[in-house]
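Q: Handing you a structure now.
What follows is calculated from the coordinates using simple rules that are stated; it is not laboratory data. As the structure is a computational prediction, the values presented were derived from the model and not from experiment. Positions of Cβ are generated from backbone atoms using ideal geometry, with glycine treated the same way; all protein chains shown enter the neighbour counts.
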Amino acid sequence: MPNDHVFNPLNRPVYTSITNTFTSPGIVAPPENNAGSTGNLYNAGSTNSTTLGLLGGSVIATVQLTNPVGSGKNVYISRLSGGITVALNLLSSFSGTMTLSANGTLTSPSTLTPVNNNLSSSNTSIATVRFSAAAPTGVTTLLALPLQVGPFLSDELGRYVVPPGQSINLTVSGSLTVGGLMASTSYFSWWEV
């Protein structure tokens with residue numbers, strides 16, 4: 001006589017013997033939790049806002065995170081965030097992109113000061129962070145995604161590792177075909193070990 005409901009039928013469940021002796025519940029948390037509590041989680045970024053003329057144009061925000069040679073630590077990317085804001089003066093065609101790239105050179109960069117996410121920590125970041133209103137040149141592209149108007153957030157949880165002597169760039173670019181006010185924002189969060 002066949003039994004079509006061998007595994008756990010409602011009226012005759014299959015009983016098993018538990019062989020796992022681990023009785024306490026496991027606790028799983030992302031590495032950022034520990035990095036934040038020890039004062040090793042940082043963030044930095046900036047916004048480029050421009051009023052475009054009648055023919056439109058592009059607004060670019062690039063943040064470059066550099067791990068200096070001889071730092072003795074790796075930089076682990078925790079989160080990429082930012083977005084594009086548009087206040088249109090006229091109807092317009094919009095396009096936006098987010099590009100993550102390695103190394104390269106920035107045009108007319110300004111220095112940003114990393115912020116420690118543990119407000120009671122006196123630790124400072126080993127990273128050099130710079131901002132440019134142009135896309136970097138001479139880069140190796142790691143990731144490129146189209147963007148819509150609005151914010152974006154990508155939890156990386158250490159997927160990108162920046163060893164000493166290397167840089168990583170986050171570029172957010174928005175374009176309009178006619179005039180309007182546009183702002184592009186780029187932010188990195190990272191931890192250092």
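Q: Please quote Rg/Rh for the range 111-193 to two decimal places, taking the Kirkwood radius as Rh and restricting both calculations to Cα atoms.
A: On the way: Rg = 15.2 Å, Rh = 15.5 Å.
So for the range 111-193, dividing Rg by the Kirkwood Rh gives 0.98.
Q: Rg and Dmax of the range 53-193 over Cα atoms: what are they, in angstrom?
A: 16.0, 52
Q: Provide the packing ranking of 136-142, 60-66, i.e. peptides ordered by the mean count of other C-beta atoms within 10 Å per residue, highest first.
A: 60-66, 136-142
Q: A follow-up question, please. Tell me, in nm to one decimal, what length is gained between residue 113 and residue 95 on full extension, where the rule is 0.36 nm per residue of separation less the Cα-Cα distance?
A: Computed gain between residue 113 and residue 95 is 3.5 nm.
Q: Now for a separate question. Quick one: which residues, 5 or more positions from residue 112 or on another chain, have an amide H under 5 Å from its amide H? H modelled 1.01 Å from N in the peptide plane, none for Pro or chain starts.
A: Counting only residues 5 or more places away or on other chains, the set is 129, 130, 131.
Q: What does a probe at residue 34 reach in the range 47-83, counting residues whose amide N is under 17 Å from the point 7 Å along Cα→Cβ?
A: Residues 73-78 qualify, since their backbone N sits under 17 Å from the label point.
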